[in-house]
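J.: Please see the structure below; I have some questions.
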Amino acid sequence: MEKIKSFYNNKRVLVTGATGFKGAWLCSWLLKLGAKVYGTGFNPNQNKNLFYKLNLNNRINLKIFDIREIKKLKNFIYYSKPSIIFHLAAQPIIYESYKNPHTTFSINFMGTLNILEATKTYNFIKSVVCITSDKCYENVGKIKAYKENDLLGGVDPYSASKASAELAIRAYRESFFKNKKSCGISSARAGNVIGGGDWSNKRLIPDCIRSLIKNKVILLRNPNFNRPWQLVLEPLKGYLILAKKQFENPLKFSDAWNFGTESKSVTNVQQIVKYMIEFWGRGKMKAIKKNKFYEQENLQLDITKAKKKLGWFPTYNIKNSVKITTEWYLKVFKKRENPFDVTNEQIK
């Protein structure tokens, strides 16, 4: 990672969705690498938000506005003049997409479209990585690892919105940047990400932590669902490597990329919770009535391309990922350690 550190030092980098869970971790890592970090985001409940717990609002240049407001977005990009953009801003919850499908499509598709349009406008932008999802693929109901050239699709609003964003990314890349050596645009598709400081509703790890802290039984909606769980640092490392390589050689690396786990780390919900209870030291779980909303039962990504062409590969197995995640919460909430110090300690 020494080459990564020297590359990002003093680079101007914009992170959309900076106030989100992954955004906060990415901003922390970029700061550690010496980057000049700018961020956009919403104004969340600061009491239960990792970005504010890490005091990142005083460590980066943050602008609060809706990513769908293209004029504000373009103005902030012109002001910050980033050479690299990581586009993470999204409505990321499947359950929420059923309640508010229009909002989900609007944020996930139009937000991405606005980033692409801004990139087309300013020539100081050299590398853009748009983060979508492993759920952008047309799920065929079989246990298989999806490759980057597999069919896009989505039955639920969230998955379909991410597939739509992927189509927009490809269209802009092929139409406006295909033969340009000055700017690269990629999409990054990651699996279910876990890590310390996530307090989102309707997500497994935060739901478990809330129950464990209150000594309540953990309720499992889909105990047998298999997911490519990965520690948050895994895909972020991939994003950082991709943005660097794309910056240096746009024509070679502008593409779609999977950042998932090895097949042996694809684990069901029940096993994840068992690990959490083990590392927490106590706890109980119980399966409840099946989720009334459709969710894909089996998901897995083929990461061969990223391993071969980017030199990226997963570092942590699933048990270690859950252990590191649980340790973050134990240190912050039981030992009362500083969240920023704990986070930086976990960023190797």
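J.: Looking at Thr121, Thr112 in this structure, which one is within 16 Å of Leu88 (Cα to Cα) and of a type in the set (Ser, Thr, Tyr)? Walk me through it before giving the result.
T.: Values: Thr121 fails: within 16 Å of Leu88 (Cα to Cα).
Only one candidate qualifies: Thr112.
J.: Kindly indicate which of Thr112, Thr103 is within 18 Å of Ser164 (Cβ to Cβ), within 20 Å of the chain's Cα centre (by Cα) and without any contact (Cβ under 8 Å) to a residue 24 or more places away in the chain.
T.: Details: Thr112 fails: without any contact (Cβ under 8 Å) to a residue 24 or more places away in the chain.
Just one listed residue meets the conditions, Thr103.
J.: Give me a count of the residues in segment 208-246 that are surrounded by 18 or more Cβ atoms within 10 Å (Cβ to Cβ) and in a helix (DSSP H, G or I).
T.: Going through segment 208-246 one residue at a time, the tally reaches 18.
J.: Within segment 88-100, take every residue that is part of a helix (DSSP H, G or I) and in contact (Cβ under 8 Å) with a residue 60 or more places away in the chain and give me the one that is nearest to Lys244 (Cα to Cα). Please lay out each step first, then the result.
T.: In the first step, residues of segment 88-100 are kept if they are part of a helix (DSSP H, G or I); the result is 94-99.
Okay, now just the ones that are also in contact (Cβ under 8 Å) with a residue 60 or more places away in the chain, so 94-98.
Details: Ile94: 31, Tyr95: 34, Glu96: 34, Ser97: 33, Tyr98: 36 Å.
Selected residue: Ile94.
J.: Separate question: Consider only pairs whose beta carbons are under 8 Å apart and that are at least six residues apart or on different chains; among these, list those whose first residue lies in segment 167-182 and is of a type in the set (Gly, Ala, Ser) and whose second residue is surrounded by fewer than 15 Cβ atoms within 10 Å (Cβ to Cβ).
T.: These pairs meet every condition: Ser182/Asn123.
J.: A follow-up question, please. For residues that are in contact with a strand residue (DSSP E or B) (Cβ under 6 Å, 6 or more places away or on another chain) and charged (D, E, K, R), tally how many sit in segment 226-254.
T.: So the answer is 0.
J.: Filter segment 171-185 for residues that are surrounded by 13 or more Cβ atoms within 10 Å (Cβ to Cβ) and farther than 15 Å from Glu117 by Cβ; which is farthest from the chain's Cα centre (by Cα)? Even if it seems obvious, please write down each step before you answer.
T.: At the first step, the residues of segment 171-185 found to be surrounded by 13 or more Cβ atoms within 10 Å (Cβ to Cβ) are 172-173, 176-177, 180, 183-185.
From what is left, the residues that are farther than 15 Å from Glu117 by Cβ are 180, 184.
Numbers: Lys180: 27, Gly184: 19 Å.
Within segment 171-185, the match that is farthest from the chain's Cα centre (by Cα) is Lys180.
J.: Here's something else I'd like to know. Need pairs with beta-carbon distance below 6 Å; first residue of a type in the set (A, V, I, L, M, F, W, C) and at pLDDT below 95 and within segment 1-27, second crowded, with 24+ Cβ neighbours inside 10 Å and part of a helix (DSSP H, G or I); sequence gap 6+ or separate chains.
T.: Listed pairs, sorted by first residue: Ile4/Leu240.
J.: Looking for something more than 16 Å from Ser187 (Cβ to Cβ) and among the small types (Gly, Ala, Ser) - is there at least one such residue anywhere in segment 142-153? Spell out how you get there, then give the answer.
T.: Here is the first cut: in segment 142-153, the residues more than 16 Å from Ser187 (Cβ to Cβ) are 142-145.
Applying the additional criterion that residues be among the small types (Gly, Ala, Ser) yields 145.
For segment 142-153, residues more than 16 Å from Ser187 (Cβ to Cβ) and among the small types (Gly, Ala, Ser): present.
J.: Can you tell me which of (1) assigned to a helix (DSSP H, G or I); (2) buried (at least 17 other Cβ atoms within 10 Å of the Cβ) is the one Trp312 doesn't meet?
T.: Evaluating Trp312 over (1) assigned to a helix (DSSP H, G or I); (2) buried (at least 17 other Cβ atoms within 10 Å of the Cβ) leaves (1) as the failure.
J.: What about Asn108, is it buried (at least 22 other Cβ atoms within 10 Å of the Cβ), at pLDDT 95 or above and outside any strand (DSSP E or B)?
T.: Working: buried (at least 22 other Cβ atoms within 10 Å of the Cβ): yes; at pLDDT 95 or above: yes; outside any strand (DSSP E or B): yes.
Yes, satisfied.
J.: Report, by residue number, each residue of segment 122-140 that is in a loop (DSSP other than H, G, I, E, B) and touching a residue at least 12 places away in the same chain (Cβ under 8 Å).
T.: The initial filter retains those residues of segment 122-140 that are in a loop (DSSP other than H, G, I, E, B), namely 122-126, 132-133, 138-140.
Matches in segment 122-140: Tyr122, Asn123, Phe124, Ile125, Lys126, Thr132, Ser133, Glu138, Asn139.
J.: Now for a separate question. Grab the strands (runs of 3 or more DSSP E) fully contained in segment 9-82, keeping just those with 3 or more residues being surrounded by fewer than 24 Cβ atoms within 10 Å (Cβ to Cβ). Spell out the reasoning first.
T.: Numbers: elements: 12-16, 36-41, 61-64.
Per the criteria, 61-64.
J.: Okay, next question. I'm checking my understanding of the structure. Among residues of segment 186-207 that are surrounded by fewer than 21 Cβ atoms within 10 Å (Cβ to Cβ) and in contact (Cβ under 8 Å) with a residue 12 or more places away in the chain, which one is nearest to Trp280 (Cα to Cα)?
T.: To start, the set of residues in segment 186-207 that are surrounded by fewer than 21 Cβ atoms within 10 Å (Cβ to Cβ) comprises 199-203, 206-207.
Among the residues that remain, those that are also in contact (Cβ under 8 Å) with a residue 12 or more places away in the chain are: 199-203, 207.
Working: Trp199: 17, Ser200: 19, Asn201: 20, Lys202: 20, Arg203: 18, Asp207: 14 Å.
Restricting to residues being surrounded by fewer than 21 Cβ atoms within 10 Å (Cβ to Cβ) and in contact (Cβ under 8 Å) with a residue 12 or more places away in the chain, the top hit is Asp207.
Every residue, every condition in (1) in a loop (DSSP other than H, G, I, E, B); (2) buried (at least 24 other Cβ atoms within 10 Å of the Cβ); (3) not β-branched (Val, Ile, Thr), yes or no:
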| site | (1), (2), (3) |
| --- | --- |
| Phe86 | no, yes, yes |
| Leu113 | no, no, yes |
| Asn149 | yes, no, yes |
| Tyr158 | no, yes, yes |
| Ser164 | no, no, yes |
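J.: So Arg189 passes all but one of these: (1) within 26 Å of Asn268 (Cα to Cα); (2) touching a strand residue (DSSP E or B) at 6+ places or on another chain (Cβ under 7 Å); (3) assigned to a helix (DSSP H, G or I). Which condition number does it fail?
T.: (3)
The values are calculated or read from the model by the stated rules, or taken from the named source; none is laboratory data. Keep in mind that what you see is a predicted model, and the values were worked out from it rather than measured. Please note: Cβ atoms are built from the backbone with ideal geometry, for glycine as well, and neighbour counts cover all protein chains shown.
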